[in-house]
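A quick write-up on the structure given underneath.
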Amino acid sequence: MALDPKEQRRILGRFATGVTVASTKVGDETWGMTANAVTSLSLYPPLVILCIQKDGQSHAKFKEGGCYALNILAADQQEISDRFAFKGPKDFSDLDTKTAETGSPILNDSLGWVDCKLKEILPGGDHDIFIGEIVAGEASEDGEPLLYFGGKYAKTAAAS
Ligand SMILES: Cc1cc2nc3c(=O)[nH]c(=O)nc-3n(C[C@H](O)[C@H](O)[C@H](O)COP(=O)(O)O)c2cc1C
């Protein structure tokens, strides 16, 4: 019998993750979505994964954009995470950003970022798996991450 979805959420919630804001550009419009279903997939070639819920607005935006950046959030960026997850504008026009290769917005004060061309979309139940080929990236040497654990934000001891 399939596992109860609430129980799956509870169990997998024990797996602590960082938090990213995934961004894309569709024509002149920018779009962001908070995401922790991301991972590094391959080094040769350099690939990452971003999983996007199929029935939200973001799916069509990232598909049409054909590119995305993953902005790894710092411990003091919970407000930005909330904005792109729950409420507030989904564009980046009022934020301090730059672009690299694809034009996807990159947050200047994130811990690190990768800029990707969308290579493939694979099915994954109620989500799709967006495989991105990394074409540029950078990271700071220090700074503490925003974490997500047990359905809540968390911080490292050093950031608390
Ligand atoms: C910490 C956190 C992580 C999330 N990770 C993902 C994710 O990996 N994929 C996803 O589709 N939604 C994720 N969400 C939910 C989206 O950020 C949220 O549904 C967003 O508003 C997307 O807009 P849409 O539903 O209009 O596409 C996450 C939310 C939070 C708070």
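Odds and ends about this structure:
- The lone criterion from (1) assigned to a strand (DSSP E or B); (2) touching a Pro at 6+ places or on another chain (Cβ under 6 Å) left unmet by Phe92 is number (1).
- Pairs with Cβ under 9 Å, 6+ apart, first in the stretch 53-70 and more than 14 Å from Glu133 (Cβ to Cβ) and assigned to a strand (DSSP E or B), second modelled with pLDDT of 95 or more and of a type outside the set (A, V, I, L, M): Gln53/His59; Gln53/Asp126; Gln53/His127; Gln53/Asp128
- Being in a strand (DSSP E or B) and free of Cβ contacts under 8 Å to residues at least 40 places away in the same chain is a condition met by at least one residue of the stretch 40-52.
- Subset of the stretch 30-78 (residues that are near the ligand (Cβ under 9 Å from one of its atoms), surrounded by fewer than 21 Cβ atoms within 10 Å (Cβ to Cβ) and under 22 Å from Gly150 (Cβ atoms)): Thr34, Asn36, Ala37, Cys51, Gln53
- Condition met for Ile121 (surrounded by 16 or more Cβ atoms within 10 Å (Cβ to Cβ) and out of contact with any Cys (no Cβ under 6 Å at 6 or more places or on another chain)): no
- Members of the stretch 124-145 found to be in contact with a Gly (Cβ under 7 Å, 6 or more places away or on another chain) and within 14 Å of the ligand (Cβ to nearest atom), listed by number: Pro145
- Here the condition is being of a type in the set (A, V, I, L, M, F, W, C) and touching a residue at least 40 places away in the same chain (Cβ under 8 Å); of Leu95, Leu118, Leu122, it holds for Leu118 alone.
- Hey, Ser81 modelled with pLDDT of 95 or more, surrounded by 17 or more Cβ atoms within 10 Å (Cβ to Cβ) and under 10 Å from the mean Cα position of the chain (by Cα) or not: yes
- Checked against the criterion of being more than 30 Å from Gln8 (Cα to Cα), modelled with pLDDT of 95 or more, within 14 Å of the chain's Cα centre (by Cα) and surrounded by 15 or more Cβ atoms within 10 Å (Cβ to Cβ), the candidates Leu107, Leu111 yield just one match: Leu107.
- Single residue of Pro89, Pro145 found to be surrounded by 16 or more Cβ atoms within 10 Å (Cβ to Cβ) and at negative phi: Pro145
The values are calculated or read from the model by the stated rules, or taken from the named source; none is laboratory data. What you see is a predicted model; the values in this text were computed from it and never measured. Ideal geometry is used to build each Cβ from the backbone, glycine not excepted, and the neighbour counts take in all protein chains shown.
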